Structures are given as structure tokens and as C-alpha cells.
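Please read the structure below before turning to the comments.
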Amino acid sequence: MTSLQHVNPTVKGIRESAHSGLQSLAAHVTQEIAQGVQKPFKEVIDISSGDPHKAGMKPISFVRQVLAVCLHPELLGNTTLPWDVRLRAQRLLEVCDGGSVGSYTDSSGIPHVRQSIAEFIMRRDVGVHSHAKDVFISAGSQRGLLVILKLLASGEGDTQTGVLTPRPCPHTLPTLLDDAGVALVPYQLMEDRGWAVDLSELHRALKCDRGGCNPRAIYISNPGTPTGHVQDWKSIEEVIRFAAAERLLLLVDEVYQDSVYGQGKEFISFKRVLFEMGKEYSGTVQMVSLHSLSSACMGECGLRAGYMELVNMDPEVTHFVDTMLCTDISSPVTGQLALDLMVNPPRPGDPSYDTYTQEILLIQATLSQNAQRAHEFLNDLPGMSSQPAKGGIYLYPRLHLPSEIIEKAKKLEVEAGVLYCQMLLKEEGVFLGAGCQNGETTGNHYLRLCILVPAETLEEVLARLASFHLRLMDTCPYPDRGVKGRDIRDTL
């Protein structure tokens, strides 16, 4: 390891996302502020990715109280805590080896927690059977997804495993695919239809890449990240039929299933639809569904715990899932216990029920109101347009940038959306994600912003964003600016 040539070529081949560079710039600006460098802002506001607690959202009291008792069991005798908190902590400690969160667990997760997850899935899916043996807990849903991708990966060149991947997709996904050694096969979501999944586009993407790799899976996020689309029953059925006909493994990211707020929309799991399609599909289509503590209402991203449920998977294959998870020894125990609290929250009559319900409703209301507020505001800016989000925690507006900015980006050899985010960060201290995906060449430019933040934080972000954006448009006028720029100034 004395030079770069000694580094694993697979690792060197992993594409660095634009987000990494922006993170480094944000850290540099923050350091300058700490060193007393004068800026027109006092702090960097980061809403580039889904980290609600970092952005100022409050954790769920019940979750933190139970974990506090589990970490410090002497609190079991503290009568100032609700009795259901202490009882739940005691029961969770009983399923930990040695009665301590400091002990290892089974590589696939604590059996009690896996059973709680299976029971949650059955309630959610109106009685569709779920079994603890098919549930695997990992250090976040991405770790679980990586395990499955590595089991799929094989071949090189035209025999290399490929995964149909939406464009746009989560900004961490291309790097994950590179790490696993599988090829990204892009399919375009339909922006003019609210980022809908289009069946003909799936067929086009599959046909185009059949000669370049060997597609073996399709990745879907529902609600969509970062687009905020929510699939209905018909759309889910179409995807399942497509996967069945093409013999593709379904990889379904359902992390934001607790955050659907679009009028007339509801979360419907792929598994529920699959098992209502009859044995032809329910007994044959293979699926991996993922969920995690990074969900909207929990927002416990740092506890690093998620789960995946395997459907119709050969037992000999699931054995190797457990083998892969053994490399982690076990997932963080506090995260596993928090998963149990997420899937089995306080019930009516419990002392913590009212507070828990109020906190969940507040988070959901904040998310819904922020989604509408940001959507309307961004669409009033010249040179920007946004589809409404129906679920999830992001907005994904399109930038219609002046030619001067695009040309400047070409000279600097950066994507124009990335340049926009760099300028915004330096001038206003707002850290948004650049919407470009690794290797994307569509010529369109997007922003990614997390809207699961306190309302006052969102207002501060929108004010700073508008100030920068209008200055940019004044310097490099956009042809269709019209009256939008004057209108938005009246709201600042």
C-alpha cells in the first residue's frame, strides 16, 4: 500500500458522488466561520440529505426514554418515568444476552425483534403472512441492500450482473452498486407525470442493456427518493408482472412508508399487492423489501439499524445472507431495540400513547406543510420548476439555468447543478444536494432538498435560496423569467 497502484482496483473504480465534494466544501465553510472569517451568514444549514435530527427535528420521547433505561438499567426504579417505558425497557433487556445492550446478538438480529417486525408486517399488510426467519436486521437498510447485491454480483463485461435503477435515484445508490460490483441499468422516471414509473420505459431500459450486461434485479423506492412519487396499486402490479416476466429480483426500498401525505394517496406495500395477485405471482416472484430507523417519523439515522424481509427466497440462499451479515458480527443493539419500538409503539391506554401520537402527528403535519410550502415557493422562482411531492422527505426541483452558468461549469469541468450548489453554499451558507446522478448525461439539472426540517428552518433556507437565485438571474438573465422574479421579491 505504498502507492495508489497497490489499492484494490474495484475500490478505485467506485465513482465519487458529487455529494462528497459538497460535503467537503460545507465542512470548509463551517471551519472558516469557527475561525472568525466574516460571512453574510452565521452557520451553514444542511438540508442536502435525510438527517432530520441534524436539521433540528425532535426525537420521539418514548423511543429515547426506553433506550435511556436500557442503557442505564438503574432507571428501572425511577417512578418519574411512565410505567410502560420501564416495563418495555425491562422486557427488551431480558432478550439481550446478559441483560445488557453491550452484548453481541445473533448476526441476523435479536430473535424477539425479528418476531416483532414480522408481526408488524402482518398488521400492515392486512394479514399477509410474515415469518421471523425471513426477516434480517442489518446496520441500516443500505447495509442489507449491499449484502443482497453482493450475493447477486457475478461476471464481467456482457455477463456482469446488472440492476435496473431509477433515474433519479438515491444519491448513495450508484456508489453502492459500484461497491458490490454490479452494473447500473438506468430507467427514467416520468417527470411530467409526477415522476411516475412507466412500464414501457422499463422494457426499453431492459432491451437496451441486454447486450451490455446481465440484468438480474430491479430497484424501486416507494415512496420515491428523491422524487416524492407514490405508486398506486395498478403501478405496483405492473412492476410485479414485469419482474415476473423478465425473471428479475425485486429490490423494494420502502423506508418512507410512514410519510405519505399527497391527497388521495396511501402507502401500499409491494408484498401486499404481490400476495393478492394469486399463486402464479405470490409463490414465484422473489422480493426483498427494506425499511429502517431512518424513516420520517423515527429519524434515528445515527442508530444504524434497518431490516429486510426476503420473499420466496431459496433457504440455501438465505443461509448466505446470514453468512454475509456475520462479517458485521451483529448490528448495533440500541438500533435493534429502537426497531422494536418503531414497529410496536405504545397502544391506546398506555401512559405514553397520547404523547407518542401527538409527536408523530406533529412530524407528519410539518412534513406535509413543508412539502406544499416549498413546492409553491420554488415554482414561483424564475428558472425553477418542481413537481409536487406526494410522500417521502424530499423535493426534487429542476433548474433551468442560464447558458452562462452552463458554459462556466463546462470550463470548470463540473456539472452545472453542482456549480450552482457550490455557489449557493459559499454565498448563502445553504447546503442543498445536486440532483445529478453518477454518469448522468441527460443535460437536465436538479436540486435535492430535504423538507423534513422545522418550519422556521425551511423559511430561512427558502429566503437565502431566493436571494441567491434572484441575484444569479439578474447577473445572467433567464429568457422566461417574466414576472416571477418580481413576485417572489414581494414575499421575502
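Points to keep in mind about this one:
- The set of residues in segment 445-484 being assigned to a helix (DSSP H, G or I), out of contact with any strand residue (DSSP E or B) (no Cβ under 9 Å at 6 or more places or on another chain) and either among the hydroxyl-bearing types (Ser, Thr, Tyr) or at pLDDT below 50 (or both) consists of Ser467, Thr475.
- Some residue of segment 25-36 being without any contact (Cβ under 8 Å) to a residue 24 or more places away in the chain, outside any helix (DSSP H, G or I), loosely packed, with under 13 Cβ neighbours inside 10 Å and among the aliphatic types (A, V, I, L, M): no
- Counting only helices (runs of 4 or more DSSP H) that sit wholly inside segment 309-422, those with at least 2 residues that are within 24 Å of the chain's Cα centre (by Cα) and surrounded by fewer than 17 Cβ atoms within 10 Å (Cβ to Cβ) are 353-379.
- Filter result for Glu94 (more than 20 Å from the chain's Cα centre (by Cα) and modelled with pLDDT under 95): no
- Count of segment 180-206 residues which are among the aromatic types (Phe, Trp, Tyr) and part of a strand (DSSP E or B): 1
- Scan of segment 168-185 for residues that are touching a residue at least 40 places away in the same chain (Cβ under 8 Å) and more than 19 Å from Ser20 (Cα to Cα), ordered by number: Gly181, Leu184
- Within segment 424-444, tally of residues that are at pLDDT below 95 and surrounded by fewer than 21 Cβ atoms within 10 Å (Cβ to Cβ): 7
- Any hit, segment 353-367, residues being modelled with pLDDT of 95 or more, of a type outside the set (A, V, I, L, M) and within 27 Å of Pro111 (Cβ to Cβ): yes
- Hey, Gly127 outside any helix (DSSP H, G or I) and open to solvent by 60 Å² or more (accessible area, probe 1.4 Å) or not: no
- Taking segment 67-93 as the range and being open to solvent by 50 Å² or more (accessible area, probe 1.4 Å) and among the β-branched types (Val, Ile, Thr) as the test, the residues that pass are Thr79, Thr80.
- Of the candidates Arg204, Arg247, the single residue that is over 23 Å from the mean Cα position of the chain (by Cα) and under 21 Å from Arg272 (Cα atoms) is Arg247.
- Any chance Lys133 is in contact with a Lys or Arg (Cβ under 9 Å, 6 or more places away or on another chain) and of a type in the set (D, E, K, R): yes
- In the set (1) open to solvent by 30 Å² or more (accessible area, probe 1.4 Å); (2) modelled with pLDDT of 95 or more; (3) under 24 Å from Val321 (Cα atoms); (4) of a type outside the set (D, E, K, R), the condition left unmet by His203 is number (3).
- Look at segment 128-141: where a residue is under 14 Å from Met324 (Cα atoms) and a partner is open to solvent by 30 Å² or more (accessible area, probe 1.4 Å) and assigned to a helix (DSSP H, G or I), sitting 6+ places away or on another chain with Cβ atoms under 6 Å, you get Ala139/Asp328.
- Every residue from segment 184-202 that is of a type outside the set (D, E, K, R) and in contact with a strand residue (DSSP E or B) (Cβ under 9 Å, 6 or more places away or on another chain): Leu184, Val185, Pro186, Tyr187, Gln188, Leu189, Met190, Trp195, Ala196, Val197, Leu202
- For Arg64, the criteria (1) out of contact with any helix residue (DSSP H, G or I) (no Cβ under 6 Å at 6 or more places or on another chain); (2) under 17 Å from Glu459 (Cα atoms); (3) surrounded by 13 or more Cβ atoms within 10 Å (Cβ to Cβ) hold in every case but one, which is (2).
- Verdict on Lys54 being of a type outside the set (A, V, I, L, M), in a loop (DSSP other than H, G, I, E, B) and surrounded by 11 or more Cβ atoms within 10 Å (Cβ to Cβ): yes
Listed here are the residues, each with its yes/no results for (1) assigned to a loop (DSSP other than H, G, I, E, B); (2) open to solvent by 50 Å² or more (accessible area, probe 1.4 Å).
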residue: Asp106; (1), (2): yes, yes
residue: Ser116; (1), (2): no, no
residue: Glu119; (1), (2): no, yes
residue: Gly144; (1), (2): no, no
residue: Pro170; (1), (2): yes, no
residue: Asp178; (1), (2): no, no
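The values are calculated or read from the model by the stated rules, or taken from the named source; none is laboratory data. Keep in mind that what you see is a predicted model, and the values were worked out from it rather than measured. Positions of Cβ are generated from backbone atoms using ideal geometry, with glycine treated the same way; all protein chains shown enter the neighbour counts. Side chains are part of the model used for accessible areas, which takes the heavy atoms of the whole protein and leaves out ligands, DNA and RNA. Shrake-Rupley method; radii C 1.70, N 1.55, O 1.52, S 1.80 Å.
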